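Right, one structure below, let's go through it.
Derivation of every value follows stated rules applied to the coordinates shown; laboratory data play no part. This is a predicted model, so every value here is computed, not measured. Please note: Cβ atoms are built from the backbone with ideal geometry, for glycine as well, and neighbour counts cover all protein chains shown.
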Amino acid sequence: MTIRLPGADGRLHPYEPRREPLALRPGAPPASRTVLAAAHVVADPCADPSPGAPAALDWDATLAFRRHLWAHGLGVAEAMDTAQRGMGLDWPAAAELIRRSAAEAKAAGGRIACGAGTDQITGGTLAEIRAAYEEQLAVVEESGAQPVLMASRALAGAARGPEDYLEVYGHLLRQSVRPVILHWLGPMFDPALEGYWGSTDLDTAAGTLLELAAAHPGKVDGVKISLLDAGREIALRRRLPPGVRCYTGDDFHYPGLIAGDDHGFSHALLGVFDPLGPLAAEAVRRLDTGDTGGFHALLDPTVELARHLFQAPTRSYKTGVVFLAWLAGHQSHFTLLGGLQSARSLPHLARAYELADRLGLFPDPRLAEARMRTLLTLYGVTP
């Protein structure tokens, strides 16, 4: 039985959904790579929060999705941009999310890293920005999670050069209890971060990041690179100080970066591993056994879906991620914080469904098809 899907040209074309999902069972965490999935949050579709109130989440569904990721052996990167930080998830809700998810991680025996940023303020002096970071870092550390020092819009606006970044981050690293992950998020994910690390020249910016990591031995677990530039990531990876890991945040080139080369490899902290979680974990477990061919056979075909989800404007990728979670049965609705379910077109969502279905990502393909038909009918399309 076929379903008619709208294409980019506005025309309907028939698609025959698969009947059986890809067989993927829960498993242990991969041993050869650290793999973290940046997880989305589930909005409460019936909430009507008043202005200024914290974002309303469906806590049961949000935490259940994290247990799903842990069960398949992935770690969780919590309260990151995939969770709509700066795009609907405010700091009060993020703080609660960090506390609850960290408690769940402890109960499940799962790995968790949580984002600490400055989104409780919109600007300010360097001292005020540093204090905002300190507040969030304290919440993460008190929860028992590993901190990820997220890129700050406020710092990008206030800093006058590399020395300001070195001063603010250096202060945070000196007081951190455990090694942190530094996050370099490119402007394709957030235009307000243009010129981060004190320069629009990416080589100069990379030099500042490397200087920071080298100046604080034992305080930097790794650096997450989200620039969608594989060559630049590899070049930076080879220059990292001993003991500092590279975590790829490149949702376009992740198979080759994780597989690595004769000079090393990248670990993973990826938003695309939210919908790909079970498949990604199984692929990396194949690397554990030296089966590089099996790794690529599983993961390489997912790149077309990833590039579709993260196409410009890249920051709207959360819409596709939550859409796929709904189709997969992880949540009962397709609603994002701030109404961002409308950030992608119907043809975009239809293509995401088709690509994910071809990969066998839906545990119940018939449920996914039924929900896709519901969405089409809502838009006035006869499937």
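Assuming 1.002 mPa s and 20 °C, estimate D for the stretch 31-310 with Stokes-Einstein, Rh taken as the Kirkwood radius over Cα pairs, in µm²/s. Don't jump to the answer; show the numbers that get you there.
Working: Rh = 19.0 Å.
Translational diffusion coefficient: 113 µm²/s.
Taking the alpha-carbon distance from residue 318 and a cut-off under 12 Å, which aspartates and glutamates remain once sequence neighbours fewer than 8 residues away in the same chain are dropped?
List returned: 81, 274.
Quick one: if you stick a label point 7 Å off each Cα along the C-beta vector at residue 289 and residue 142, how many nm between them?
In this crude spin-label approximation the distance works out to 4.6 nm.
Compute the helix-to-body angle for 59-71: its Cα long axis versus the longest principal axis of the chain, expressed 0 to 90° and rounded to tens.
Approximately 80 degrees, to the nearest ten.
Report the extension gain between residue 235 and residue 50 in nm, rounded to one decimal, defined as 0.36 nm multiplied by the number of residues separating them, less their alpha carbon distance. Provide the component values of the computation, followed by the final result.
Working: separation 185, 0.36 × 185 = 66.60 nm, distance 4.75 nm.
So the extension gain works out to 61.8 nm.
Could you tell me, in Å, what Rg and Dmax come out for the Cα atoms of the stretch 121-205?
Cα only, the stretch 121-205: 12.6, 37 Å (Rg, Dmax).
Using a cut-off of under 20 Å, list every residue of the stretch 209-234 whose amide N is near the label point 7 Å from the Cα of residue 261 along the Cα-to-beta-carbon line.
Backbone N within reach: 210, 223-234.
Looking at the stretch 151-251, which GluC sites (Glu not before Pro) are DSSP coil and have at most 14 other C-beta atoms within 10 Å of their C-beta?
Within the stretch 151-251, the qualifying GluC sites (Glu not before Pro) (loop, at most 14 other Cβ atoms within 10 Å) are 194.
Give me the distance in nm between label points sitting 7 Å out from Cα along the Cα-to-Cβ direction at residue 342 and residue 300, one decimal.
With each label point 7 Å from Cα toward Cβ, the separation is 4.2 nm.
Which is the longest part of the chain that has none of the trypsin sites (Lys or Arg not before Pro) sitting in a DSSP loop with at most 16 other Cβ atoms within 10 Å? Don't skip to the answer; put the middle values down first.
Working: sites that count: 11, 18, 19, 160, 238, 239.
Looking at the chain, 240-383 is the longest stretch - no exposed trypsin sites (Lys or Arg not before Pro) with at most 16 other Cβ atoms within 10 Å.
Contact order normalised by length for the chain, with contacts defined as Cα pairs under 8 Å and 6 or more residues apart; what percent is it? Could you put the intermediate results ahead of the total?
On the way: 703 pairs, mean separation 77.2, N = 383.
Value for the chain: 20 percent.
Rounded to the nearest 0.05, what FRET efficiency do residue 122 and residue 18 have when you use their Cβ-Cβ distance and R0 = 51 Å? Intermediate values should be presented prior to the final figure.
Working: r = 47 Å, r/R0 = 0.91.
The formula returns an efficiency of 0.65 here.
Cα to Cα, under 18 Å, and not fewer than 8 places away if on the same chain: which lysines meet these conditions relative to residue 106?
Within the straight-line limit of under 18 Å, residue 106 reaches no lysines at all.
So what's the angle, to the nearest 10 degrees on a 0 to 90 scale, between helix 273-288 and the longest Cα principal axis of the chain?
70 degrees
Mind checking the stretch 327-383 for chymotrypsin sites (Phe, Trp or Tyr not before Pro) that DSSP puts in a loop (not H, G, I, E or B) and that have at most 16 other Cβ atoms within 10 Å?
Numbers: sites: 334, 353, 379; in loops: 334, 379.
For chymotrypsin sites (Phe, Trp or Tyr not before Pro) across the stretch 327-383 that sit outside H, G, I, E and B with at most 16 neighbouring Cβ atoms in 10 Å, the list reads 379.
Using a Förster distance of 45 angstrom, determine the FRET efficiency expected from the C-beta separation of residue 2 and residue 32, and round it to 0.05. Provide the component values of the computation, followed by the final result.
On the way: r = 42 Å, r/R0 = 0.93.
It comes to 0.60.
For the pair residue 103 and residue 252, how long in nm is the line joining their label points, each one 7 Å along Cα→Cβ?
Going by the 7 Å Cα→Cβ label model, 4.2 nm.
So what is the calculated 222 nm ellipticity per residue for the chain, using -39500 (n - 2.57) for each DSSP H run with n of 4 or more, over all residues, to the nearest 500 deg cm²/dmol? Please report the intermediate quantities before stating the final value.
Working: 14 runs with 167 residues, N = 383.
Only helices count here, giving -13500 deg cm²/dmol.
Roughly how tilted is helix 126-143, in degrees to the nearest 10 and between 0 and 90, from the longest Cα axis of the chain?
On a 0 to 90 degree scale, this one is about 60.
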